[in-house]
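Undergrad: Shown below is the structure under consideration.
Bear in mind that the values in this text are calculations on the coordinates, not laboratory data. The structure presented is a predicted model; accordingly, all values stated were derived computationally and were not measured. Cβ: placed from backbone, ideal geometry, glycine included. Neighbour counts: every protein chain shown.
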Amino acid sequence: MGAAYEGLSEKTRTRRFLASVLHLTETMLDHLVDDVDGVDHVALALVGVGDDRVGVPTAIAR
C-alpha cells in the first residue's frame, strides 16, 4: 500500500492530505487501513453503478 501511495504524483499526494506527505509511516498506514471500528472510526465507500449494473469503487471517506 505504501509503495502505491509513493507512486502517486506530488500534486495528488498533497490533495489527499492537504499537505506534502512524501511517505506513509506504518502508524499512518495502520490508522488509514485497519483502524475502522464502526464506532469511533468509520469509513464510507462510494460505488458507481453503470448501465451494465457493475459496481466500480469510486471514492472512500473516513
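Undergrad: Of all residues in the range 10-39, how many are among the β-branched types (Val, Ile, Thr) and assigned to a helix (DSSP H, G or I)?
TA: 4
Undergrad: Limited to the range 13-47, what total is found for residues that are in contact with a strand residue (DSSP E or B) (Cβ under 8 Å, 6 or more places away or on another chain) and loosely packed, with under 10 Cβ neighbours inside 10 Å?
TA: Qualifying residue count for the region: 1.
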